[in-house]
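S.K.: Quick one: this structure, given as structure tokens, is what I'll be asking you about.
The values are calculated or read from the model by the stated rules, or taken from the named source; none is laboratory data. This structure is a prediction, so every number in the text was calculated from the model and none was measured. Positions of Cβ are backbone-derived with ideal geometry, glycine not excepted, and every protein chain shown enters the neighbour counts.
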Amino acid sequence: MSKDSVRPARRRQSRISMRAIAVITLALCSFVINAAAHAAEPGKDAGAATNLPRVLVLATGGTIAGQAESRATGAYKSGQITGEQLVQSVPGLDKLAKLSAEQISSIGSQDMNDKVWFALAHRIQQAFDNNEADGVVVTHGTDTLEETTFFLDNVLKGDKPVVIVGSMRPATAVSADGPGNLYEAVQVAADPRSRGRGVMAVLNDKIEGARLVTKTNTTSIETFNSPNGGPIGYVDTAGGIRFMAQASGLKRATYDLPANEPLPRVEIVYSHANMDAVPIEDAISHGAKGIVLAGVGDGNTSKQALDALEQAAKKGIIVVRSTRVRSGFVTRNVEVDDDRYGFVVSEDLSPQKARVLTQLLIANGVTAPAKLQQAFTATW
Ligand code: GLU
């Protein structure tokens, strides 16, 4: 075959190739344009849009992940459903944020412990430091939700939103509150206005601050309140987010986590009529580095108990007077001479939160009474 007889065939081939390339290019262009238009269409496949805020969901267990064998009895087991399943089960969540979920633990929060706290704190800080997330949601049992909220608030650095969420009814309940609470928690975590407000708890349409929030009812869905100040904001699907004030912008003190858990041993001693020294002596003999008094009234207790606390303070154990009363402040040097005894007062911190702060202060080497008192005094 001559060279000439080959050439026309080549030209034909190259014309066909050119046409094929043009057709493929056109098809690709129209696919890209369609895909972009589709993703930009509000409410349609918004999960695929890359400009949604990134929210990392860290699951720890709790009733929000609880399941009952039968709807007829009230009995259920907490921590049965994974974070991934929880996220998948809430319609519309993918329109709010680009979500990822990780399982930190699967426990009822009555079993919450330093190991889980450290794992949470490290993972959240890492996610923010590496710019992996714009906000974090932690799913949690409600029993100790306020302690985890306060702990994280005291150790996390930066201003990105962290929201702790739980529910009072398990996922299988007739009117489960978990899905709505999780939706609202993601709303808050994804919103730039939530920056600089510390760690927040979101349940039942309210946004509560870490310092004041507490569980006030054993079973009702209207249980989380902030008796000394009220919620810092409100959230609902229709109305969106309404914060009651500007973010304070104040840089709160944050404390370093020790290299390893556990945190120093700090006991809570509950005061009551007919109180003797035994619970305080027990705490001392079990190696407590600090004792928080859940005192009567303004953080008070019996003469016997006070004498035992004085002995504890003389041994270098940190003594913090808090109160078993749900609201109000514990004030220095009113009925108890704190200056003489070397005691600290918890101000508005409940015994369970005063315990967490005392642990962090001891772990950070803060032991002088004046410095301790400064750390307990509210900063707003
Ligand atoms: N005790 C369980 C817990 O704290 C159930 C309470 C709840 O989550 O509402 O995880």
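S.K.: Restricting attention to the stretch 205-245, report how many residues are outside any strand (DSSP E or B), polar (S, T, N, Q) and crowded, with 21+ Cβ neighbours inside 10 Å. Break it down stepwise before answering.
M.R.: Initially, the stretch 205-245 is screened for residues outside any strand (DSSP E or B), giving 205, 210-213, 216-223, 226-232, 237-239, 244-245.
Among the residues that remain, those that are also polar (S, T, N, Q) are: 216-220, 223, 226, 228, 237.
Next cut, crowded, with 21+ Cβ neighbours inside 10 Å only: 226.
So the count comes out to 1.
Results for (1) buried (at least 17 other Cβ atoms within 10 Å of the Cβ); (2) out of contact with any Lys or Arg (no Cβ under 8 Å at 6 or more places or on another chain); (3) among the aromatic types (Phe, Trp, Tyr), shown as yes or no for each residue.
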| residue | (1), (2), (3) |
| --- | --- |
| 341 | yes, yes, yes |
| 345 | yes, no, no |
| 349 | yes, no, no |
| 356 | yes, yes, no |
| 362 | yes, no, no |
| 365 | no, yes, no |
| 368 | no, yes, no |
| 374 | no, yes, no |
| 377 | no, yes, no |
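S.K.: Please note which helices (runs of 4 or more DSSP H) are completely contained in the stretch 77-177 and include at least 2 residues that are of a type outside the set (Phe, Trp, Tyr) and within 16 Å of the ligand (Cβ to nearest atom).
M.R.: On the way: elements: 83-89, 93-96, 114-129, 145-155.
Helices (runs of 4 or more DSSP H) meeting the threshold: 83-89, 114-129, 145-155.
S.K.: May I ask you to verify whether residue 360 is in a helix (DSSP H, G or I) and either among the polar types (S, T, N, Q) or at pLDDT 95 or above (or both)?
M.R.: Considered against the rule, which asks whether it is in a helix (DSSP H, G or I) and either among the polar types (S, T, N, Q) or at pLDDT 95 or above (or both), residue 360 comes out as yes.
S.K.: Right, something else. Given the criteria over 26 Å from residue 226 (Cα atoms), outside any loop (DSSP other than H, G, I, E, B) and among the aliphatic types (A, V, I, L, M), does residue 293 qualify? Talk me through it step by step, then tell me what you get.
M.R.: Numbers: over 26 Å from residue 226 (Cα atoms): no; outside any loop (DSSP other than H, G, I, E, B): yes; among the aliphatic types (A, V, I, L, M): yes.
Taking the combined requirement at face value, the residue does not satisfy it.
S.K.: With the requirement that a residue be of a type outside the set (S, T, N, Q), farther than 21 Å from residue 360 by Cα and either loosely packed, with under 14 Cβ neighbours inside 10 Å or free of Cβ contacts under 8 Å to residues at least 24 places away in the same chain (or both), what does the stretch 282-306 give you? First the steps, then the outcome.
M.R.: Here is the first cut: in the stretch 282-306, the residues of a type outside the set (S, T, N, Q) are 282-284, 286-299, 303, 305-306.
From what's left, farther than 21 Å from residue 360 by Cα: 282, 295-299, 303, 305-306.
Listed by number, the residues that qualify are 282, 303.
S.K.: Collect the residues in the stretch 316-333 that are assigned to a loop (DSSP other than H, G, I, E, B) and either touching a strand residue (DSSP E or B) at 6+ places or on another chain (Cβ under 7 Å) or of a type in the set (Asp, Glu) (or both), keeping them in residue-number order. Full working, then the answer.
M.R.: Of all residues in the stretch 316-333, those assigned to a loop (DSSP other than H, G, I, E, B) come to 316-317, 324-329, 331-333.
Hits for the stretch 316-333 are 317, 324, 329, 331, 332.
S.K.: A further question follows. Would a scan of the stretch 86-101 turn up a residue that is modelled with pLDDT of 95 or more and within 15 Å of the chain's Cα centre (by Cα)?
M.R.: There is at least one residue in the stretch 86-101 that is modelled with pLDDT of 95 or more and within 15 Å of the chain's Cα centre (by Cα).
S.K.: Going through the stretch 273-286 one residue at a time, which ones are more than 15 Å from residue 319 (Cβ to Cβ) and in contact with a Lys or Arg (Cβ under 8 Å, 6 or more places away or on another chain)?
M.R.: 286
S.K.: If you check residue 311 against the conditions, is it polar (S, T, N, Q) and either surrounded by fewer than 17 Cβ atoms within 10 Å (Cβ to Cβ) or part of a strand (DSSP E or B) (or both)? Show your work before the answer.
M.R.: Values: polar (S, T, N, Q): yes; either surrounded by fewer than 17 Cβ atoms within 10 Å (Cβ to Cβ) or part of a strand (DSSP E or B) (or both): yes.
Judged against the criteria, residue 311 is a match.
S.K.: Against the definition (buried (at least 17 other Cβ atoms within 10 Å of the Cβ) and not charged (D, E, K, R)), how does residue 178 come out, yes or no? Explain how you work it out, then say what you get.
M.R.: Numbers: buried (at least 17 other Cβ atoms within 10 Å of the Cβ): yes; not charged (D, E, K, R): yes.
So residue 178 passes the test.
Residue by residue, here is whether (1) modelled with pLDDT under 95; (2) over 13 Å from the mean Cα position of the chain (by Cα); (3) crowded, with 20+ Cβ neighbours inside 10 Å holds:
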position	(1), (2), (3)
127	no, yes, yes
140	no, no, yes
159	yes, yes, no
165	no, no, yes
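S.K.: So, of the residues in the stretch 73-92 that are surrounded by 13 or more Cβ atoms within 10 Å (Cβ to Cβ) and of a type in the set (S, T, N, Q), which turns out to be nearest to residue 108 (Cα to Cα)?
M.R.: Among those that are surrounded by 13 or more Cβ atoms within 10 Å (Cβ to Cβ) and of a type in the set (S, T, N, Q), it is 78.
S.K.: Follow-up question, since we're still on this one. Return only the number of the condition from (1) under 14 Å from the mean Cα position of the chain (by Cα); (2) over 22 Å from residue 152 (Cβ atoms) that residue 211 does not satisfy.
M.R.: (2)
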